[in-house]
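Beneath this line is the structure, given in structure tokens, with notes to follow.
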Amino acid sequence: MIGWVVLSESWIELTEETLRAQLDRLYPGEFLPARESGTFVVTGAVEDVQFLINSGIASATGLFMLQSVPGPYTEFSPFADHIQDSALRRIAVAQRAWLGLERLGGDNEDDAYRFIGKVIAALAPDDAAVLVHPSRLTSFPFDTALRRNLANGDMR
């Protein structure tokens, strides 16, 4: 699985419109006006929590699922059992919301991480505390340097 999850205390409440606007700030002219083919955003199975994003943007192509959940990530993943650093584990388990973005389709792993990193860096709340790689079950403290590395496409 190619993706990242950010754990935080605060929940990022999104709608199709607000997500489209956020994405268009990152990729001007690509997500606005709204469209039904090419590069687009649609609500997923859980309204205002899950979104399907199709990116036809050069160097950031793929089909992605974004989830912004007002609940602990520990209810969805055993990731915390794999955190060796007890202080980081305590912080991770204490977080009450999560924002995840994963690639569902596409051919280029570099494109996927480039898009995911840039979007996660932009959407992560100010109180983001931990970054989790869901399939590798690795976790990192979320700080300014990590946000910058995500935004620059330097995290895989």
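Between residues in the range 113-137 that are in contact (Cβ under 8 Å) with a residue 24 or more places away in the chain and residues that are in a loop (DSSP other than H, G, I, E, B) and among the hydroxyl-bearing types (Ser, Thr, Tyr), which pairs lie under 7 Å by C-beta distance while being six or more apart or on different chains?
Taking only residues 6 or more apart or on different chains, the pairs are Arg114/Ser59; Pro125/Ser10; Asp127/Ser10; Pro134/Ser77.
Go through the range 118-130 and give me each residue that's of a type outside the set (Asp, Glu) and over 15 Å from Met1 (Cβ atoms).
Applying the first criterion (of a type outside the set (Asp, Glu)) to the range 118-130 yields 118-125, 128-130.
Result: Lys118, Val119, Ala121, Ala122, Leu123, Ala124, Pro125, Ala128, Ala129, Val130.
Restricting attention to the range 17-57, which residues are of a type in the set (Ser, Thr, Tyr) and surrounded by 12 or more Cβ atoms within 10 Å (Cβ to Cβ)? Talk me through it step by step, then tell me what you get.
Narrowing the range 17-57 to residues of a type in the set (Ser, Thr, Tyr): 18, 27, 37, 39, 43, 55.
If the condition is that a residue be of a type in the set (Ser, Thr, Tyr) and surrounded by 12 or more Cβ atoms within 10 Å (Cβ to Cβ), then Thr18, Tyr27, Thr39, Thr43, Ser55 are the ones that fit.
Taking the range 1-16 as the region of interest, how many residues are of a type outside the set (Phe, Trp, Tyr) and open to solvent by 30 Å² or more (accessible area, probe 1.4 Å)?
Of all residues in the range 1-16, those of a type outside the set (Phe, Trp, Tyr) come to 1-3, 5-10, 12-16.
Then keep just the ones that are open to solvent by 30 Å² or more (accessible area, probe 1.4 Å); that gives 1, 9-10, 12-13, 15-16.
Here the count works out to 7.
Mind checking which residues of the range 58-79 are closer than 16 Å to Lys118 by Cβ and open to solvent by less than 20 Å² (accessible area, probe 1.4 Å)?
Selection gives Ala60, Gly62, Phe64, Leu66.
Being of a type outside the set (A, V, I, L, M) and within 15 Å of Leu52 (Cα to Cα) is the filter here, so list the residues in the range 82-121 that pass it. Lay out the reasoning, then the answer.
Start the filter on the range 82-121 by keeping residues that are of a type outside the set (A, V, I, L, M), which leaves 82, 84-86, 89-90, 95-96, 98, 100, 102-103, 105-111, 113-115, 117-118.
Scanning the range 82-121 gives Gly100, Glu102, Arg103, Gly105, Gly106, Phe115.
With respect to the numbered conditions (1) within 20 Å of Arg147 (Cβ to Cβ); (2) open to solvent by less than 10 Å² (accessible area, probe 1.4 Å), which one is the sole condition not fulfilled by Glu102?
Here Glu102 clears every test but (2).
Determine which single condition Gly117 fails, assuming it passes every other condition in (1) in contact with a Leu (Cβ under 6 Å, 6 or more places away or on another chain); (2) over 26 Å from Arg25 (Cβ atoms).
Unmet for Gly117, out of (1) in contact with a Leu (Cβ under 6 Å, 6 or more places away or on another chain); (2) over 26 Å from Arg25 (Cβ atoms): (2).
The values are calculated or read from the model by the stated rules, or taken from the named source; none is laboratory data. These figures come from a predicted structure and were not determined experimentally. Cβ coordinates were reconstructed from backbone atoms using ideal geometry, including for glycine residues, and neighbour counts include every protein chain displayed. We work out accessible area using only protein heavy atoms, side chains counted, and drop any ligands, DNA or RNA first. Shrake-Rupley method; radii C 1.70, N 1.55, O 1.52, S 1.80 Å.
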